[in-house]
1. Nearest 0.05, what FRET efficiency do B:S22 and A:Q55 give at R0 = 45 Å with Cβ-Cβ as r?
2. Name the residues whose placed amide hydrogens come within less than 5 Å of the amide hydrogen of A:L229, ignoring near sequence neighbours (fewer than 5 apart) on the same chain.
3. Using the crude model of +1 on Lys and Arg Cβ and -1 on Asp and Glu Cβ, and no other charge, please compute the dipole size for the range A:24-135 relative to its Cα centre, in debye to 20.
4. At 37 °C and 0.692 mPa s, what whole-number value in µm²/s does Stokes-Einstein give for the translational diffusion of chain A, with Rh from the Kirkwood sum over Cα pairs?
5. Starting from the Cα of A:D139, step 7 Å along the direction of its Cβ; do the same at B:Q59; then give the gap between the two resulting points in nm.
6. Looking only at the protein assembly as shown, where both bridge partners belong to it, what percent of the DSSP beta bridges are antiparallel (to the nearest 5)?
7. Placing +1 on the Cβ of each Lys and Arg and -1 on the Cβ of each Asp and Glu in chain B, which of B:P77, B:G16, B:L67 has its Cα farthest towards the positive end of the resulting dipole?
8. Using the 4.7 Å Cβ rule, please list in number order the cysteines from chain A without any candidate partner.
Amino acid sequence: MAVTLGFDASKAGQGDPQELPALRPGAMAASKSYPASSAQQQLLGFPGELVDQWQIKAIAKLGELVQRSRALKVALDACVKCGACTDKCQFFLGSGDPKNMPAARQELLRKVYRRYFTWAGKHMPWLVGAEDLTEATLDEWYIYFHQCSQCRRCAVACPFGIDTAEVSMAAREIMDSIGKGQRYCNEIIGKVLTIGNNLGLKKHALAATLEGLEEEIKEETGVDVKLPLDVEGADILLVAPSADFFAEPHIASLIGYGKVLHEAGLSWTFSSHASEAGNFGMFIGSSENMQRVLERVGDAVRALKVKRLVVGECGHAWRVAYNFWNTLAGPYETLDPAYPIPQHICELTYDLWRAGKLRFDKSKNDHIRLTYHDSCNPARASRIGPDPGSQFEIPRALLRATCNHFYDMAPGTIRENTFCCGGGGGLLTDELMEVRLRGAQPRMRALRDVADEHGVTHMAMICAICKAQFTTVLPQFGFESDGVVGVHQMISNAIVLTGSVQAQEYEARLASAGNGDVAAGGKR
Amino acid sequence: MAYQVGDVVAEADEEGYLQDISLWSEELAQAIAKSENVELSPEHWEVINFLRSYYAEYQIAPAVRILLKEMKKSFGPEKGDQKYLYSLFPYGPAKQACKIAGLPKPTGCI
């Protein structure tokens, strides 16, 4: 439901994406996530309610986390408040609330850390800004650590490399451990643990959905493209975010995966047991829950005896997959080490295209003038493909190969400097709509610039959260909601399937053009 | 919050989704619709009834794409249309129609 609370998106969507806002202290204090229920908490192994002596337990947990994670200890010790991160957070740029400045957000935890874990803070708290953990502070933790999308844009700017994402994950972990969890994340993790995916899609619903989509592809192309489920002995297990089975425009990319794998003649399958790439365990900083979610992937690899593991278009899933799948869910004895474990679907498609195994008819996307939104997790927390920076190049190469009109947004707003969509990290919930709209503002301004300058109509991306967030907020900023597309949706539009009605028409056009312009848009 | 129909009080969450979906009845649907400022016509009931039968089979709301396809098949092409569904349920078929039909709110990256 669009609750805008005095935020005029149509006006806010104009201007310099990186413009420093006027300070509005406390402006976002009323934007608060719904709390997890007792049952939702307990399913994840957390107390159902705020525990007795929660201060003591929270401080003990903080001590445990600092012991366990050197990164967190450095993050809490090293900040000199130089201000380099101040104007990097999209939630600060959009809201002007000083507690959304990354250093100030971290300070909410750091002031408590100093009080209990540093000599100066223990003995002279007034001198070093150390403070007791009070109910008011806990409340601020809950509010402002759920206004951080863990996107790391501030970490790129920090001379020490302090990562607010680590700090906000730790804060959420502490809060969960004393019974103060967030409903959106914890309800969803519970669904993965009990049903197998964020949405709660059971096997027969998945099967019916895939069957319906196969019919659609057949109607569109005349080709029998299969979307297999639970096929033991398939070569590739494709794990996609469950939104790809359900939401728009996500489903269009799922159709794209199917077409690519079909055209390349690869043997593959989805798994109903591991029907979720996403892993909100990371958002709440809980490695235990992250591992529980991941075990399903390991189970499916072993049960289906696949040789390759491929991940669909999901930003944070890829961050988890790239960094943790091998250590937390591996080793996977059946997988072929000749391929990356796991591999991003974009890299797989890119390699097939480079090898000449896919043909694209770019003219099928001529109605689209396109830009690309780098999702924060592939951009700043992982890599796609073999080379540094190839996570930026591979999706763009695929888009340029499938669309004649591609225009990047301003340099300070893309690649490693990309803005979060405003809905990442567990914020994609309706009660945080004002946070989401304000967080989206810088990206919307950058999009407005290329829309005005180059007539851009569509923005492509490889993240289920980004797709859902932008589909919701774009209309508020005066864009069409169907201007959001997946990279494999663009591929799906352009791919020329052997034996399809599109292939007949394409080949006829090729012949009559005498190998001219049309061929240039096809195979490399 | 809660809805009341006769002497049945049905608790709802902050956004108006029923806490106990087994309490749903046509009268309760009317009450939910009223609080959403939606007046239920026979066209609304076509959507609500499909949502409920789909939920009974799959324990989840249908994807919008499936809803559109089924509406088209059962009631004609003009009703298998996103804009048409939004004209019935201004806050969206996925969320508002599900709420009135007594389905739980879909969760995830949607």
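1. Approximately 0.65, to the nearest 0.05.
2. Excluding prolines and chain starts, which carry no amide H, the hits are A:F270.
3. 360
4. 138
5. Label-label distance for A:D139 and B:Q59, simple model: 4.0 nm.
6. On the way: 7 of 23 bridges.
So the antiparallel bridges in the protein assembly as shown amount to around 30 percent.
7. Result: B:P77.
8. Here A:C79, A:C82, A:C89, A:C148, A:C158, A:C185, A:C314, A:C346, A:C403 come out as lacking a disulfide-compatible partner, given the Cβ-Cβ threshold of under 4.7 Å.
Coordinate-derived values only; no laboratory data. Every value quoted in this text rests on a predicted model; they were computed, and no experiment measured them. Ideal geometry is used to build each Cβ from the backbone, glycine not excepted, and the neighbour counts take in all protein chains shown.
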